[in-house]
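See structure below.
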Amino acid sequence: MAFSATRYITLSLLVIPPIFLAAFFLAQFPSPPEAIPIYPSLASLPKDFRSWSVYPEDFYDGGAYASFPFGKVRYWMIGPPNGQKIVLIHGLSIPALVWKDIAPQLAKNGFRVLLYDLYGRGYSDAPQRPYDASLYTTQLALLMQHVKWENAHIAGLSMGGGIAAAFAASFPNLCTNKIALIASAGVMESNDFSRTSKVMSSPLVMSVVSSNLARMYMQRLGSNNPSTNPIQEIVQIQSAHLPGYNYALASSLRDGPIRGLASSFAASAHRDILLIWGTDDRTVPYYYAARLQALLPNAKLLTVDGAMHDVTLSHPEIVGEALVSFFKSGNVKGARSAQSS
């Protein structure tokens, strides 16, 4: 027994000190986190580059920049200062240019309109971090604080609809009782994503398409085949010339407010909701309107026959008139609730 006890004590003296020593060195306080890379926006391109004629920095009146922790954000405020306040949130790939036919209608009808470019698009910087719902909702909350708006009506297009739902759930006091969702993402199923979208959102492909080599190839491709459509051209320019754009799109597809937001939509069940959808939408198919109506019992649906996902561009009069009527009175000609369908 004495021999065994001595043996164990000896082993302990031999083993325990190295363990404590190793633990001491391994438990050293970690280094401070590195700063998140922030990539530049369209503002970084030469002034004679064609992007400045397609989508100039002063495309809308009342433009300015706001500096936030994840980079600068470009925004515009149009319409009478004392008008009802509306925030317009664009979608995945096209910056605030997509509201070119809608925002002026709202301003002409007396609304004070706030437009802005989401992180990674247009004239807003591109932080290299996950483009999840929290990034987008915090961006808008900071922007509203910056312009000193206590609350506003919200209108979201495509992924912007998912952002609107997440924003209303996270910051309910910053929203009024009215939200408009146009061809809204947010509850999409994986099998509705195109194969291209799934491939592009993979981390491996994301790193490849964001590389300098890939962008050089896209720049050459774009210079040889410039688009005659300004919307397509600005997407092409961003993809080829902005180092953070492809990453922002890929991360948004993988991590962003495109799916998994059923609870966020349900949190606005008490609000007045207008849904606007095209019957021929192949990006966020028309049947998602019914899914949102199931989550939002007060929602009314305006169906635009024959319209595709770009309904704000193809049918601006219908969309603009519907938004004006909805935000002014709550009544929209032709809109139906789930109960009356």
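The values are calculated or read from the model by the stated rules, or taken from the named source; none is laboratory data. All values derive from a computational prediction rather than experimental measurement. Heads up, the Cβs are rebuilt from the backbone with ideal geometry, glycines too, and the neighbour counts pull from every protein chain shown.
Are any of the residues in the range 263-285 over 26 Å from Glu189 (Cβ atoms) and aromatic (Phe, Trp, Tyr)?
No, every residue in the range 263-285 fails to be over 26 Å from Glu189 (Cβ atoms) and aromatic (Phe, Trp, Tyr).
For the range 264-341, which helices (runs of 4 or more DSSP H) that fit wholly inside it have 3 or more residues that are aliphatic (A, V, I, L, M) and either under 28 Å from Pro172 (Cα atoms) or touching a residue at least 12 places away in the same chain (Cβ under 8 Å) (or both)?
Numbers: elements: 288-295, 311-314, 316-329.
Output list reads 288-295, 316-329.
Looking only at the range 165-195, how many residues end up being of a type in the set (Gly, Ala, Ser) and in contact with a Pro (Cβ under 9 Å, 6 or more places away or on another chain)?
Going through the range 165-195, the residues of a type in the set (Gly, Ala, Ser) turn out to be 165-166, 168-170, 180, 183-186, 190, 194.
Then drop every residue that is not in contact with a Pro (Cβ under 9 Å, 6 or more places away or on another chain), which leaves 165-166, 185-186.
Result for the range 165-195: 4.
Tell me whether the range 235-243 contains one or more residues that are out of contact with any Phe, Trp or Tyr (no Cβ under 6 Å at 6 or more places or on another chain), farther than 23 Å from Tyr131 by Cα and either in a loop (DSSP other than H, G, I, E, B) or of a type in the set (Lys, Arg) (or both).
no
Could you list, in sequence order, the residues of the range 269-291 that are farther than 16 Å from Val98 by Cα and in contact with a Leu (Cβ under 6 Å, 6 or more places away or on another chain)?
Ala269, Ile273, Leu275, Ala289
Given the criteria outside any strand (DSSP E or B) and more than 22 Å from Gln236 (Cβ to Cβ), does Pro33 qualify?
On the way: outside any strand (DSSP E or B): yes; more than 22 Å from Gln236 (Cβ to Cβ): yes.
Considered against the rule, which asks whether it is outside any strand (DSSP E or B) and more than 22 Å from Gln236 (Cβ to Cβ), Pro33 comes out as yes.
Consider the range 61-92. How many of its residues are part of a loop (DSSP other than H, G, I, E, B), surrounded by fewer than 21 Cβ atoms within 10 Å (Cβ to Cβ) and either within 19 Å of the chain's Cα centre (by Cα) or touching a residue at least 24 places away in the same chain (Cβ under 8 Å) (or both)?
Residues of the range 61-92 that are part of a loop (DSSP other than H, G, I, E, B), as a first pass: 61-62, 69-70, 79-84, 90-92.
Those still in the list that are surrounded by fewer than 21 Cβ atoms within 10 Å (Cβ to Cβ) too: 61-62, 69-70, 80-84.
In the following step, the residues that additionally are either within 19 Å of the chain's Cα centre (by Cα) or touching a residue at least 24 places away in the same chain (Cβ under 8 Å) (or both) were identified as 69-70, 80-84.
The qualifying residues number 7.
Do we have Leu249 as in contact (Cβ under 8 Å) with a residue 40 or more places away in the chain and either in a strand (DSSP E or B) or of a type in the set (A, V, I, L, M) (or both) here? Don't jump to the end; show me each part of the working.
Values: in contact (Cβ under 8 Å) with a residue 40 or more places away in the chain: yes; either in a strand (DSSP E or B) or of a type in the set (A, V, I, L, M) (or both): yes.
Against the criterion (in contact (Cβ under 8 Å) with a residue 40 or more places away in the chain and either in a strand (DSSP E or B) or of a type in the set (A, V, I, L, M) (or both)), Leu249 qualifies.
Where residues in the range 80-137 are in contact with a Pro (Cβ under 7 Å, 6 or more places away or on another chain) and hydrophobic (A, V, I, L, M, F, W, C), which of them is farthest from Ala155 (Cα to Cα)?
We begin by selecting, within the range 80-137, every residue in contact with a Pro (Cβ under 7 Å, 6 or more places away or on another chain); these are 101-102, 110, 112, 117, 119, 121-122, 125, 128, 133, 136.
From what is left, the residues that are hydrophobic (A, V, I, L, M, F, W, C) are 102, 133.
Details: Ile102: 11, Ala133: 16 Å.
Ranking the candidates gives Ala133 first.
Kindly provide the set of residues from the range 16-53 that are surrounded by 10 or more Cβ atoms within 10 Å (Cβ to Cβ), modelled with pLDDT under 95 and among the aliphatic types (A, V, I, L, M), ordered by number.
Ile16, Leu21, Ala22, Ile36
Given the structure, is Ile258 surrounded by 20 or more Cβ atoms within 10 Å (Cβ to Cβ), in contact with a strand residue (DSSP E or B) (Cβ under 6 Å, 6 or more places away or on another chain) and closer than 13 Å to Ala165 by Cα?
Numbers: surrounded by 20 or more Cβ atoms within 10 Å (Cβ to Cβ): yes; in contact with a strand residue (DSSP E or B) (Cβ under 6 Å, 6 or more places away or on another chain): no; closer than 13 Å to Ala165 by Cα: yes.
No: the conditions fail for Ile258.
Would you mention how many residues in the range 97-147 are of a type in the set (Lys, Arg), touching a residue at least 40 places away in the same chain (Cβ under 8 Å) and surrounded by fewer than 22 Cβ atoms within 10 Å (Cβ to Cβ)? Give the derivation first.
Applying the first criterion (of a type in the set (Lys, Arg)) to the range 97-147 yields 100, 108, 112, 121, 129.
Still in the list and also touching a residue at least 40 places away in the same chain (Cβ under 8 Å): 100, 121, 129.
When the remaining residues are screened for being surrounded by fewer than 22 Cβ atoms within 10 Å (Cβ to Cβ), the result is 100, 129.
Of the residues in that region, 2 qualify.
Is it the case that Glu233 is of a type in the set (Asp, Glu) and at pLDDT 95 or above? Reasoning before the result, please.
Working: of a type in the set (Asp, Glu): yes; at pLDDT 95 or above: no.
No; evaluated as a whole, the condition is false for this residue.
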